[in-house]
1. If you take the residues in region 12-30 that are among the β-branched types (Val, Ile, Thr) and touching a Gly at 6+ places or on another chain (Cβ under 9 Å), which one is surrounded by the fewest Cβ atoms within 10 Å (Cβ to Cβ)?
2. Quick one: what pairs do we get from region 21-33, first residue closer than 17 Å to Gly11 by Cβ, second among the polar types (S, T, N, Q) and in a loop (DSSP other than H, G, I, E, B), C-beta under 7 Å, 6+ apart or different chains?
3. Looking only at region 60-72, how many residues end up being touching a strand residue (DSSP E or B) at 6+ places or on another chain (Cβ under 9 Å), of a type outside the set (A, V, I, L, M, F, W, C) and assigned to a helix (DSSP H, G or I)?
4. Out of curiosity, is Thr33 part of a loop (DSSP other than H, G, I, E, B), under 12 Å from the mean Cα position of the chain (by Cα) and either surrounded by 12 or more Cβ atoms within 10 Å (Cβ to Cβ) or not β-branched (Val, Ile, Thr) (or both)?
5. If Lys8 meets every condition in (1) under 12 Å from the mean Cα position of the chain (by Cα); (2) outside any strand (DSSP E or B) apart from one, which number is that one?
Amino acid sequence: MSVRIRLKRFGAKARPYYRIVVMDSRSARDSKTIDEIGYYHPIEAEDKQISINEAKVREWLAKGAQPSDTVRSLLNKKGIQLK
């Protein structure tokens, strides 16, 4: 099973809200997750947009989880360096 760190969409039309989750790469976007590690509000103020539990991210990366391109850019924006 390949595990990915990716976004799960919530919110209303034109008001998106995303959770940063760990899930099987073959599953659908809004299906069951393994772990939730943060959130992303793209329409909030700049300082309130991203919240990530860095310890959980590092734990999942050590286990072999691969971040999606969007999550990788969010981690870089938050200052979490990947290998």
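1. Here the answer is Val21.
2. Pairs found: Val21/Thr33.
3. Residues meeting the conditions: 2.
4. yes
5. The one condition Lys8 does not meet is (2).
Only the coordinates and a few stated rules stand behind these numbers; no lab work does. Bear in mind that the values here come from a model prediction, so they are computed numbers and not experimental data. Glycine also receives a Cβ, built like all others from the backbone with ideal geometry; neighbour counts cover every protein chain displayed.
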